[in-house]
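The values are calculated or read from the model by the stated rules, or taken from the named source; none is laboratory data. Note that the coordinates shown come from a computational prediction; the quantities given were computed from them, not determined experimentally. Reconstructed Cβ throughout: ideal geometry from the backbone, glycine too, with neighbour counts over all protein chains shown.
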Amino acid sequence: MSYRTALSVVLADVVAPTAEQAVREGRFPRDAVSALGRAGLLGLTVSSGSGGGGLELPEAVDVVARTARVCPATAAVLASHFAAVAAIESCGGSWVREEVAAGRHLVGLALREGGSDGPEQGDPYGRSSSVAARFADVVALRGRKRQVVAAGEADSYLWSSRPLAGPDGLTLWVVPARAPELFVPARPGGGGPRGSGTSTLYADPVLVPADVMLGRDGGGLDVLLRRVRPWLLELEAAVDGALPGSVAGAVGPGGEEPRSGPDVLRPEGGELRPAPAA
């Protein structure tokens, strides 16, 4: 069965019947994501050698655009997932590739930040305010990521931080959702299509094995510019282009999610909850 035929079946049987509920109630389209995984569509762009579909950006854009016409929330989740998988594929060797290929694993992008560091505020390709420190075979990640699609719903997140060694560049990590001290707000902020689970992730700090580093220390910016940004631009355009109004309208001015408290790691009096493992 071709990926287009498989997608048509999932859209008709699973995505369409739950799309209105996702918009009306803001409910994450878990059934749709699971069905897409079973149909091989989450692993569409994983290399065939790792058990995936072995396809590329044009096919991913096609899947996202067709899905957006039925359920914008599901399309936004797919766009983020495919962009994250592009980074994982470019580096190779990640523990998560086979899980994605098997349709059991959803990846989210945790790249965008907010702060008071000047013109690079919120720029996922600029200087990161998230930090990493290594202790033997464990790395402590500390920071806050905003506008994370599928926050608290994905199985892992592509996370960026300052390098372990040296002041320049970025380092990428594949952070498991089950990692202790990874939190989403109990009352999440806005951003993204309703139902897409777009919110903030807090690492305060998160302890992960050192081998979840993706690529080399300090080499993440090249991966983001060469792979993630081109993919994300086309995938997000596919979401927007399939809708009567731009998805960006659900995001605050300047592409930022609305704020409900101080711009700090753990807002005073704010309630946080662990990011549930899927």
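As an exercise: evaluate residue 84 against (1) of a type outside the set (Phe, Trp, Tyr); (2) in contact with an Asp or Glu (Cβ under 8 Å, 6 or more places away or on another chain); (3) modelled with pLDDT of 95 or more and give the number of the one condition it does not meet.
(2)
Considering each residue of the range 103-135, count those that are at pLDDT 80 or above and out of contact with any helix residue (DSSP H, G or I) (no Cβ under 8 Å at 6 or more places or on another chain), and give that number. Give the derivation first.
Just the residues of the range 103-135 that are at pLDDT 80 or above, to begin with: 103-113, 128-135.
Subset that is out of contact with any helix residue (DSSP H, G or I) (no Cβ under 8 Å at 6 or more places or on another chain): 110, 112-113, 128-133, 135.
The number of residues fulfilling the criteria is 10.
Within 21 Å of residue 83 (Cβ to Cβ), at pLDDT 95 or above and either among the acidic types (Asp, Glu) or out of contact with any strand residue (DSSP E or B) (no Cβ under 8 Å at 6 or more places or on another chain) (or both) - does that describe any residue in the range 150-163?
Taking every residue of the range 150-163 in turn, at least one turns out to be within 21 Å of residue 83 (Cβ to Cβ), at pLDDT 95 or above and either among the acidic types (Asp, Glu) or out of contact with any strand residue (DSSP E or B) (no Cβ under 8 Å at 6 or more places or on another chain) (or both).
The conditions are (1) among the basic types (Lys, Arg); (2) in a helix (DSSP H, G or I); (3) in contact with a Gly (Cβ under 9 Å, 6 or more places away or on another chain), and residue 66 fails exactly one of them. Which is it?
(3)
Just for strands (runs of 3 or more DSSP E) wholly inside the range 167-263: which have at least 2 residues that are modelled with pLDDT of 95 or more and under 16 Å from residue 86 (Cα atoms)?
171-176
When only residues in the range 134-154 that are among the charged types (D, E, K, R) and part of a loop (DSSP other than H, G, I, E, B) count, which is surrounded by the most Cβ atoms within 10 Å (Cβ to Cβ)?
Taking the candidates together, the pick is 153.
Per-residue answers, yes or no, for (1) closer than 12 Å to residue 67 by Cβ; (2) more than 18 Å from the chain's Cα centre (by Cα):
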residue: 7; (1), (2): yes, yes
residue: 10; (1), (2): yes, yes
residue: 14; (1), (2): yes, yes
residue: 18; (1), (2): no, yes
residue: 25; (1), (2): no, yes
residue: 34; (1), (2): no, no
residue: 40; (1), (2): no, yes
residue: 46; (1), (2): no, no
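Can you tell me which residues in the range 25-36 are small (Gly, Ala, Ser) and surrounded by fewer than 19 Cβ atoms within 10 Å (Cβ to Cβ)? Don't jump to the end; show me each part of the working.
The first filter runs over the range 25-36 and keeps only residues small (Gly, Ala, Ser), leaving 26, 32, 34-35.
Scanning the range 25-36 gives 26, 34.
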